[in-house]
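This report concerns only the one structure given below.
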Amino acid sequence: MTPEELADRMAIQQLVCKYSRAIDRRDYALLKSLYAENSIDEHGGMFSGSGAQYVAWVSALLENSGHTSHQILNHLIELDGDYAEGEVYTCNVHIMENAEGEAVNVSTGSRYLDKYTKSDCGWQFLHRKTVADYTLTLPVPTDPLAIKLRRGAPVAGVKQRDPSYGFFRLIVPAGKAQR
C-alpha cells in the first residue's frame, strides 16, 4: 500500500467520523460539506434524495429529538483513484419518546454502503445507502447503578450545549476558523 493510498483511507475514515459528529452535535453546516454536489442518500424507507435534501430532512427530523450517538465499528474501504467504496458497520443510539410519551432507547445496528469521490473539496459522500441489521427498543435505565455511573459526568448535548464545544481547540464546528 502506498503512502497516498494510506492517506486516502485515513481521509475517508475521517469523513465518516465527521458524519457521526455532525449528526450527533446537530452541526448541519459540517454535514452539508460532507456530501458531493451530485450526491445521493438513501436512508432506508425514511428518506431518499440528494445529499443536500438529506441534510434538510434530517435537520428538521432531529431538531426536536433527544440525544443520539452514532458509533462506527468496522470500516472496509476499497480505492480506485478518485473513487472509493466502503462498508461501515455502526451502532446507533437514539433517545426518543414512545407513543406513551416515555423516554426509550432505540438502538440500531446498521451498515452504510458508501461510494466516495475525491475532488478539490477532499473526499465526500457520492452515494450513501443505509442497511438496517437490527433494532432494539429498551427503556432508558433509571436504576441506582445507572444513576451512579453517570453522576458527575458531563451530559451530552446537541449543538453548542455539548461539553465538546469549548473543550477542543482543533475540533470546531463548520464555518469556524481552524488551525
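Tell me whether the stretch 59-68 contains one or more residues that are touching an Asp or Glu at 6+ places or on another chain (Cβ under 7 Å) and in a strand (DSSP E or B). So far as the stretch 59-68 goes, yes, one or more of its residues are touching an Asp or Glu at 6+ places or on another chain (Cβ under 7 Å) and in a strand (DSSP E or B). Any residue at all in the stretch 150-170 that's modelled with pLDDT of 80 or more, over 19 Å from the mean Cα position of the chain (by Cα) and not in a loop (DSSP other than H, G, I, E, B)? Checking the stretch 150-170: at least one residue is modelled with pLDDT of 80 or more, over 19 Å from the mean Cα position of the chain (by Cα) and not in a loop (DSSP other than H, G, I, E, B).
The residues on offer are Tyr112, Tyr116, and the sole one that is surrounded by 17 or more Cβ atoms within 10 Å (Cβ to Cβ), touching a Leu at 6+ places or on another chain (Cβ under 8 Å) and under 21 Å from Ser33 (Cα atoms) is Tyr116. Would you mention how many residues in the stretch 55-64 are at pLDDT below 95 and surrounded by 14 or more Cβ atoms within 10 Å (Cβ to Cβ)? Residues that pass the stated criteria total 1.
Look through Gly109, Gly86 and report the one residue that is modelled with pLDDT of 95 or more, within 26 Å of Ser164 (Cα to Cα), in a strand (DSSP E or B) and not aromatic (Phe, Trp, Tyr). Spell out how you get there, then give the answer.
Numbers: Gly86 fails: within 26 Å of Ser164 (Cα to Cα).
After ruling out the rest, the residue left standing is Gly109.
Scanning the stretch 117-138 for residues that are farther than 24 Å from Gly45 by Cβ and either within 13 Å of the chain's Cα centre (by Cα) or touching a residue at least 60 places away in the same chain (Cβ under 8 Å) (or both) turns up Thr117, Lys118, Ser119, Cys121, Gly122, Trp123, Gln124.
When Glu5, Glu37, Glu78 are checked against the criterion of being surrounded by fewer than 13 Cβ atoms within 10 Å (Cβ to Cβ), in a helix (DSSP H, G or I) and of a type outside the set (Ser, Thr, Tyr), Glu5 stands alone in meeting it.
The values are calculated or read from the model by the stated rules, or taken from the named source; none is laboratory data. Treat the numbers as computed from the prediction; the structure is a model and nothing was measured. Cβ sites come from the backbone with ideal geometry, for glycine too, and all protein chains shown count toward neighbours.
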